[in-house]
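The values are calculated or read from the model by the stated rules, or taken from the named source; none is laboratory data. No experiment lies behind these values; they were computed from the predicted model shown. As a convention, Cβ positions derive from the backbone with ideal geometry for all residues, glycine included, and neighbour counts pool all protein chains shown. The accessibility values were calculated without ligands, DNA or RNA, using every heavy atom of the protein model including side chains. Shrake-Rupley method; radii C 1.70, N 1.55, O 1.52, S 1.80 Å.
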Amino acid sequence: MESRSHRFKENAAAALANPVLQANMRTAKGKFVDKRAIAIKEIDDFEGTREAAKQLRNLVLENLDLWLEKFETNATARGAKVLWAKDGAEICRHVAEIGKRHGIKKAVKSKSMLSEEAGLNQALEATGIQPVETDLGEYILQINNNEPPSHIIAPVVHKSLDEVADLFEKVHQTPRKTEIPALTREAREVLREHFLTADMGISGGNFLVAETGSVALVTNEGNGRMVTTLPRVHVVITGIEKVIPTLEDLATLMRLLPRSATGQSISNYVSVLTGTKAPDELDGPEHLYYILVDNGRADVIGSEFQEMLRCIRCGACMNHCPVYQTIGGHAYGWVYPGPMGSVLTPLYTGLENAIDLPHAATLCNQCGVVCPVKIPLPDLLRKLREKQTDKNLRPWMERAVLKAWAFVAASPTLYALGAWFGVRYLKWLAGGKASIPVLSAAPEWTKGRDFPAPEGKTFRELYAERKAKP
Amino acid sequence: MSSREDILGRVRAKLGRNETNAVAARTGIDVILAAKAQGPRPHVAMEMSALAGRLIDKSLAYSSTVDQIATQAEAPAAIARYLAGLGLPTQAVIWPKLADLDWAGAGITVAAREAQDADLVGITGCFCAVAETGTLMLCGSPDSPAAISLLPETHIAIVPASRIVPGMEEAFALALNELGQLPRAVNFISGPSRTGDIEQTIVLGAHGPYRVHLILIDGE
């Protein structure tokens with residue numbers, strides 16, 4: 001998927017000015033947050049479980065090469081073929097080749113963010129394979145001219161019931177339905193036909209279990225089970241960082257992932273799939289392929305951003321983010337929105353291509369507090385900001401101001417003098433009013449708020465006065 | 001250079017991999033895999049009656065329904081009552097390993113084969129059930145095909161109380177112990193399929209069953 005992250009400011013401004021989107025974001029706001037808060041109380045030692053998850057994810061990242069080899073050996077022993085892809089283009093080439101080898105006409109897909117990274121649907125269409133998204137949300141987006149998702153687990157959180165009703169009426173050419181169960185039923189019937197006639201199933205992978213060479217898939221709709229049970233070929237596309245050691249680790253992570261994502265104790269379906277079907281089995285794929293994808297991940301290993309690779313894609317960080325809740329996911333411009341996206345997008349697509357994302361945060365640490373694998377997201381965002389400054393990627397004016405500020409702040413005398421002048425100047429500027437509506441030095445900042453006027457004395461002066469009083 | 005070598009090569013370089021530390025790290029990995037250490041566990045009472053009670057509570061919380069009977073032989077009659085109660089068809093696709101029960105005697109016409117689109121009722125057993133979350137664990141095999149619990153609108157599962165385990169950890173251990181290795185398709189099922197994609201409103205019966213009904217056998 002082509003990144004539009006370099007246009008974040010324009011995207012965010014457009015999102016704020018879009019009344020339909022704003023209404024839909026208000027409808028969604030807080031639903032996942034409340035459900036999560038209740039669900040985590042079912043776990044006696046939620047903090048301990050988070051810590052265990054963090055440790056087991058770290059354990060793998062510290063020796064990722066060897067864990068990948070272990071997974072590859074065990075998956076191959078059960079009849080799977082393991083392929084590797086450096087980038088999105090190579091994912092598309094692999095899937096096209098597999099399609100050609102097995103004479104594939106139609107591929108049903110369960111949610112895979114990697115396939116969004118690669119722009120796989122367009123590539124498949126170009127090779128004559130019909131891709132069909134089967135997650136209800138992803139399906140809605142596909143029939144709406146391949147619109148990108150705006151959330152990693154609730155792809156159409158930005159759309160209203162009315163918009164979906166209009167879309168189904170137009171695309172399915174059926175009488176307009178206004179009830180959510182009726183719309184869901186209509187999609188079920190359309191997609192059931194595709195499940196039964198597809199010869200390839202494409203899925204992501206929530207986890208790769210090294211111990212057994214298995215992929216774990218977590219879904220509620222059952223589409224993940226369909227695409228991995230009915231077609232004769234199953235292709236798993238997943239990032240190289242998704243390996244976990246054992247089935248016990250899967251059990252630990254399954255206590256965290258659904259609770260953090262949708263506030264469920266467990267997702268309706270957790271499938272652990274290993275190898276291909278036996279000759280006497282009545283269902284299951286005859287061929288199983290894993291495409292293990294780098295696309296920027298390998299270079300994060302060993303770096304100061306390695307902790308980001310612990311991410312298990314639950315979406316809790318965006319659900320709790322005041323910025324995401326206001327602008328929605330599309331404004332972030334690439335596959336991953338919210339705080340995790342603001343870290344991943346610059347790392348995977350280049351620091352210079354997502355210059356505003358690390359700044360699209362108040363650093364309030366809601367995301368860090370709810371992250372089930374304890375990724376210090378605000379710290380990573382701050383490190384990205386530092387890197388931008390180190391690499392001279394910020395505007396020269398901002399850099400000059402920060403340099404001047406650093407010089408002044410390092411000297412108590414200069415700082416006191418600057419503050420003494422500053423508060424008096426600002427008081428004069430306010431002209432007796434309580435706030436300043438426009439600051440000519442920071443017009444962008446005062447566009448959305450007024451600057452409170454100082455009372456005319458610095459903190460140091462007030463402190464000294466108070467101390468001098470008997 | 002192949003992509004595999006390119007990717008693994010860069011990961012190795014970043015991690016400072018060399019032959020000496022690889023030997024130590026491989027031993028470390030084998031120790032981790034052998035230890036199969038568990039994370040913190042929520043408390044689950046272990047007595048069989050408590051496990052069954054928890055399975056029932058959690059299953060109901062996940063929109064399943066539950067019936068309790070004494071022996072497996074009573075299952076066809078209990079299922080017939082359930083189907084009649086909801087006005088559901090009495091034709092069902094069943095796991096081949098359940099074919100020996102007296103279905104005809106209960107008035108149910110069964111087909112023991114893989115599931116097809118037209119099948120409206122699917123009847124399965126389960127490999128075991130997880131009390132912690134009210135979850136069924138089904139293992140695919142020639143006489144327990146996976147799609148029977150997926151394609152039909154109604155899924156009925158026969159669950160012997162003796163096969164209820166506290167958590168997912170015990171379920172995996174049981175599979176490895178009894179089957180020697182993880183079967184191709186392990187499916188954990190908790191209630192009917194659902195979606196919340198449109199306005200976060202939960203709707204049952206997304207792509208899989210609208211109804212999941214547990215027949216719990218107390219005496220087995």
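Which is farthest toward the positive dipole end of segment A:396-468 among A:LEU426, A:ALA464, A:MET397, measuring Cα position about the Cα centre, with Cβ charges +1 (Lys, Arg) and -1 (Asp, Glu)?
A:ALA464
What is the Cα convex hull volume of segment A:315-398 when expressed per residue in Å³?
So the per-residue Cα hull volume is 89 Å³.
For segment B:67-106 and segment B:25-56, what is the separation of their C-alpha centers, rounded to whole Å?
If you average the Cα positions of each part, the centres end up 34 Å apart.
Radius of gyration and Dmax for segment B:125-220's Cα atoms, expressed in Å?
Here Rg and the maximum Cα pair distance are 14.0, 45 Å.
Might you tell me the accessible area per residue for the protein assembly as shown, computed with a 1.4 Å probe and given in Å²?
Details: 27750 Å² over 690 residues.
Accessible surface, normalised per residue, equals 40 Å².
Could you give the nm distance between label points at A:VAL408 and B:ASP218, where each point is 7 Å from its Cα heading toward the beta carbon?
For A:VAL408 paired with B:ASP218, the spin-label model returns 8.0 nm.
Over the residues of segment A:223-300, compute the C-alpha Rg and express it relative to 2.2 N^0.38 Å.
On the way: Rg = 14.9 Å, N = 78, 2.2 N^0.38 = 11.5 Å.
Rounded to two decimals, the normalised Rg is 1.29.
Sorted by mean Cβ packing within 10 Å, highest first, what order do the peptides B:80-92, A:207-219 take?
Averaged packing, sorted descending, gives the order A:207-219, B:80-92.
Sort B:GLU199, A:GLU90 by accessible area with a 1.4 Å probe, largest first.
B:GLU199, A:GLU90
For the charge dipole of segment A:48-298, defined by +1 on Lys and Arg C-beta atoms and -1 on Asp and Glu C-beta atoms about the Cα centroid, which residue among A:LEU230, A:PRO258, A:GLN122 has the Cα displaced farthest towards the positive pole?
A:LEU230
Mind checking how much accessible area B and A bury in total, 1.4 Å probe, in Å² rounded to 100? Can you show the working numbers first?
Values: alone 12460 and 22990 Å², together 27750 Å².
Its buried surface, counting both partners, is about 7700 Å².
For chain B, calculate the relative contact order in percent as a whole number, restricting contacts to Cα pairs under 8 Å that are 6 or more residues apart.
The normalised contact order for chain B reaches 23 percent.
Please get the size of the charge dipole for chain B, origin at its Cα centre, with Cβ charges of +1 on Lys and Arg and -1 on Asp and Glu, quoted in debye to the nearest 20.
Using only the charged Cβ atoms, the result is roughly 840 debye.
How much length would be gained if the chain were fully extended between A:PHE459 and A:ASP166, taking 0.36 nm per residue of separation minus their Cα-Cα distance, in nm to one decimal?
Details: separation 293, 0.36 × 293 = 105.48 nm, distance 5.90 nm.
Stretched fully, the A:PHE459-A:ASP166 segment lengthens by 99.6 nm.
How many partner chain Cβ atoms sit within 10 Å of a residue's Cβ in peptide B:133-141, on average, as a whole number? Don't jump to the answer; show the numbers that get you there.
Working: counts 9, 2, 7, 0, 2, 1, 1, 9, 4.
Mean inter-chain Cβ contacts per residue within 10 Å come to 4.
Treating each Cα of segment A:149-239 as an identical point scatterer and ignoring solvent, apply the Debye formula and state log10 I(q)/I(0) at q = 0.14, 0.23 Å⁻¹.
Here the Debye-derived log intensity ratios amount to -0.66, -1.21.
Would you mind telling me the antiparallel percentage of the DSSP bridges in segment A:48-298, rounded to 5?
Given both bridge residues lie in segment A:48-298, the antiparallel proportion sits at roughly 25 percent.
With no solvent and one equal point scatterer placed on each C-alpha of segment A:329-470, evaluate the Debye formula and give log10 I(q)/I(0) for q = 0.09, 0.20 Å⁻¹, two decimals.
Log-scaled intensity ratios, in q order: -0.44, -1.19.
Stokes-Einstein D for segment A:55-124 at 20 °C, 1.002 mPa s, Kirkwood Rh over Cα pairs, in µm²/s?
The calculation lands on 151 µm²/s.
For chain A, calculate the relative contact order in percent as a whole number, restricting contacts to Cα pairs under 8 Å that are 6 or more residues apart. Walk me through the numbers on the way to the answer.
Working: 774 pairs, mean separation 95.4, N = 470.
About 20 percent, as a whole number.
Output wanted: per-residue J couplings in Hz (rounded whole) for segment B:20-31, from phi through Karplus 6.51 cos²θ - 1.76 cosθ + 1.60, θ = phi - 60°, x for Gly and Pro.
After applying 6.51 cos²θ - 1.76 cosθ + 1.60, I find 5, 6, 5, 4, 5, 5, 5, 4, x, 5, 5, 5 Hz.
Nearest-5 percent of antiparallel DSSP beta bridges in chain B?
About 30 percent, rounded to the nearest 5.
Carbon-plus-sulfur fraction of the accessible area of segment A:13-126, 1.4 Å probe, in percent?
Roughly 55 percent, rounded to a whole number.
Enter the Cα centre distance for the pair segment A:44-73 and segment A:227-271, rounded to the nearest angstrom.
14
Indicate the residues belonging to segment A:219-238 that lose 40 Å² or more of solvent-accessible heavy-atom surface (probe 1.4 Å) upon moving from the chain alone to the assembly of all protein chains, ignoring ligands and nucleic acids.
Residues passing the criterion (a loss of at least 40 Å², heavy atoms only) are A:GLU221, A:ARG225, A:MET226.
What ranking do A:431-439, A:133-141, A:188-196 get when scored by the average of other Cβ atoms within 10 Å per residue, highest first?
Top to bottom by mean Cβ count within 10 Å: A:133-141, A:188-196, A:431-439.
Nearest-5 percent of antiparallel DSSP beta bridges in chain A?
Working: 10 of 35 bridges.
Bridges in chain A that DSSP calls antiparallel: roughly 30 percent.
Would you kindly calculate the translational diffusion coefficient of segment A:396-468, applying Stokes-Einstein with the Kirkwood radius from alpha carbon pairs, for 25 °C and a viscosity of 0.890 mPa s, and quote it in µm² s⁻¹ without decimals?
For these conditions, the coefficient is 178 µm²/s.
Rounded to whole Å and sorted largest first, what semi-axes of the equivalent ellipsoid does the C-alpha gyration tensor of chain B yield via the square root of 5 times each eigenvalue?
40, 21, 18
What number results when the radius of gyration of segment A:48-298, computed over Cα atoms, is divided by 2.2 N^0.38 Å? Numbers along the way, then the final one.
Working: Rg = 18.1 Å, N = 251, 2.2 N^0.38 = 18.0 Å.
Ratio of Cα Rg to 2.2 N^0.38 Å: 1.01.
Please report, ordered by residue number, every helix of chain A (full DSSP H runs) that is 15 Å or longer along its axis going by C-alpha atoms and whose mean Kyte-Doolittle hydropathy reaches 0.0.
Result, helices passing both filters: A:247-261, A:338-349, A:396-409, A:412-430.
If you look at just the Cα atoms of chain A, how large are its Rg and its Dmax in Å?
Final numbers for Rg and Dmax: 25.6, 94 Å.
Compute the distance in nm between two label points, each set 7 Å from the Cα along the Cα-to-Cβ direction, one at A:ASP44 and one at A:ASN18.
Between A:ASP44 and A:ASN18, the label points sit 4.7 nm apart.
For segment A:48-298, what does the relative contact order come out to in percent, with C-alpha contacts under 8 Å and a separation of six or more? Kindly include the intermediate steps, with their values, before the conclusion.
Details: 447 pairs, mean separation 71.1, N = 251.
Here the relative contact order equals 28 percent.
Please list the equivalent ellipsoid semi-axes of segment A:292-361, computed as the square roots of five times the alpha-carbon gyration tensor eigenvalues, in descending order and whole angstrom.
After diagonalising the Cα gyration tensor, the semi-axes are 20, 14, 10 Å.
Label point 7 Å out from B:THR109 along Cα-to-Cβ: which residues of segment B:42-83 have amide N under 19 Å?
Inside the label zone: B:76-77, B:79-83.
Evaluate peptide B:33-46: per residue, the Cβ atoms of other protein chains within 10 Å of its Cβ; return the mean as an integer. Numbers along the way, then the final one.
Numbers: counts 7, 2, 3, 6, 8, 6, 16, 13, 8, 8, 2, 0, 0, 0.
Rounded to a whole number, the mean comes out at 6.
Over the C-alpha atoms of segment B:5-105, what are the Rg and the largest Cα-to-Cα span, Dmax, in Å?
25.8, 69
Other chains' Cβ within 10 Å of B:8-19 residues: what's the mean? Write down the numbers at each step before the final one.
Values: counts 11, 2, 8, 15, 6, 4, 9, 9, 1, 4, 0, 0.
The per-residue average across the peptide is 6.
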